[in-house]
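J.: Here it is, the structure, as structure tokens.
Quick note: the coordinates plus some simple rules give every number you see, no bench work behind them. What you see is a predicted model; the values in this text were computed from it and never measured. Here Cβ is always computed from backbone atoms with ideal geometry, including for glycine, and neighbour counts include all displayed protein chains.
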Amino acid sequence: MSYRVIVVGGGIIGTSIAYYLTKLGVEVTLIEAKDLASGTSGACDRAIMLQSKKPGPLLDLAIESAHMYADLEAELGADLEYRKCGGMILVETEQEREAIQRLVDQQQKAGLQVEFLSEAEARKRQPGLSKDVIGATWSDDDAEVNPLNVCFAMASAARKRGADIRLQSRVTGLITDRERVVGVEVSGEKIFADATVLSSGVWTPKLLAPLGLHVPIIPRRGQILVSERIPPMINSVILSGAYIASKMLKRASSGEKTDPAGIGLAIGQTKSGNLLIGGSREFVGFDRRPTAEVLHAISQTAVRVFPVLGSVNILRAFAGLRPYTPDKMPILGVVKEWSGLYIAAGHEGDGIALAPVTGKLMARVACGLDPGFDLRPFSLSRFQR
């Protein structure tokens, strides 16, 4: 008996779901309003980072996804620019050190391979750090990948297995029959399926609002600078400890002023030699325009940490909209109020890291199979409770 699934959204999450559905022998239609990776998946960095997450369901999911990435190039037969290069979280203040040390202690107890480096050890692993950096964490398990390559490779593999990929096709509504979603409307055309999976990122709430569902996903803008090509400089995935510490210390609740742009350094180097220098975390609605003020703040932060960057030219800048949820975890699984409807959205900055495991689990869930992983912590119903 045939089984048909519609996947809405052609980013790295949607293409991953489509690919793993085809591996199950399912008839798949992937529908994207613009082009593949034209949204958040094409406006982000390259990090597959485990040590930025607290022990719990999200870290468990990320670990499984990291294992899948190790074999994905061979499986897809494509160059994903995957590199298991390790990762660092840089520490610049004693307050950050205390907060991040607590995080490292928790992660080590959970079995994550992460350690705290002294100032000298941090500079040995990553030359060029300024004297403002007083230490860092290190994990061999962190990696990087080209998200565009992953997205296009997943889509290509799905298409070879028979998936119908429709680009420049905007879903305008969901088709319902009593308490079941039976398909979607695309420019007046009705497409029917046994299951519909929404992997449409920040646009997911608009599709579900007519069904009386409130989905607390809101856009969070992130801005990134792109440098000229330079010789190899960045040896690993690098993240500033400022953002990690601010989350753990809850500065806003203590009355301390917080940065509304959420500036926190994230830097990596592409295979071609360009630096990707981020980033910001701003709640500005659906505005994707980079701003001079925030880009200047990012560049100043980068030069403070890596003084040599003061002489590096910036070629351009871009911004993307991360799908943010209040508890900073994605929404995955069935929508209990409407049979035949599934969500895979709200990954915020973890979409790249979690793409393979999300695709595999959601493909099984959409087919009524046991995912082999407890998705209850990621259910939409957690917000209703």
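J.: Taking the dipole about the Cα centre of segment 15-109, with the C-beta of Lys and Arg at +1 and of Asp and Glu at -1, give me whichever of GLY77, ILE17, ILE63 is farthest to the positive side.
T.: ILE63
J.: Give me a comma-separated list of calculated 3J(HN,Hα) values for segment 128-144, in order, Karplus coefficients 6.51, -1.76, 1.60 applied at θ = phi - 60°, integers in Hz, x for any Gly or Pro.
T.: x, 5, 7, 5, 5, 7, 9, x, 6, 8, 8, 9, 5, 7, 6, 8, 9
J.: Compute, for segment 274-385, the length of the dipole vector about the Cα centre, with Cβ point charges of +1 (Lys, Arg) and -1 (Asp, Glu) only. Units Debye, rounded to 20.
T.: 40
J.: Under the definition of Cα pairs under 8 Å and six or more residues apart, what whole-number percent is the relative contact order of segment 56-149?
T.: Value for segment 56-149: 41 percent.
J.: Further, regarding this structure: Residue farthest toward the positive end of the dipole of the chain, with Cβ of Lys/Arg at +1 and Asp/Glu at -1: which of VAL294, ILE89, PRO307?
T.: It is VAL294, whose Cα lies furthest towards the positive end.
J.: With +1 on the Cβ of every Lys and Arg and -1 on the Cβ of every Asp and Glu, and nothing else charged, how large is the dipole of the chain about its Cα centre, in debye rounded to the nearest 20?
T.: Value, rounded to 20: 540 debye.
J.: If you put +1 on each Lys and Arg Cβ and -1 on each Asp and Glu Cβ, how big is the dipole of segment 4-99 around its Cα centre, in Debye rounded to 20?
T.: In debye, rounded to 20, segment 4-99 gives about 240.
J.: Okay, next question. Output ³J(HN,Hα) for segment 68-85: one whole-Hz value per residue in order, computed from phi by the Karplus curve 6.51 cos²θ - 1.76 cosθ + 1.60 with θ = phi - 60°, and x for Gly and Pro.
T.: So the J values, rounded to whole Hz, are 5, 4, 4, 10, 6, 4, 5, 5, 8, x, 9, 7, 9, 6, 6, 8, 8, 9.
J.: Taking amide H positions as placed in the peptide plane 1.01 Å from N, state which residues far from SER200 in sequence (5 or more) or on other chains have amide H under 5 Å from it.
T.: Amide H neighbours of SER200, under 5 Å, 5+ apart: ALA344.
J.: Let me ask something else. Given the -39500 (n - 2.57) contribution per DSSP H run of 4+ residues, what per-residue ellipticity at 222 nm results for the chain, rounded to the nearest 500 deg cm²/dmol?
T.: Estimated from H runs of four or more residues: -9000 deg cm²/dmol.
J.: While we're looking at this one, here's another question. May I ask you to derive the relative contact order of the chain, considering only C-alpha pairs under 8 Å and at least 6 residues apart, and to give it as an integer percent?
T.: 24
J.: Can you return the lysines within cross-link range of LYS34? Criterion is Cα-Cα under 29 Å, with same-chain partners fewer than 8 residues away left out.
T.: Hits, sequence-local ones excluded: LYS23, LYS160, LYS190, LYS206, LYS271, LYS328, LYS360.
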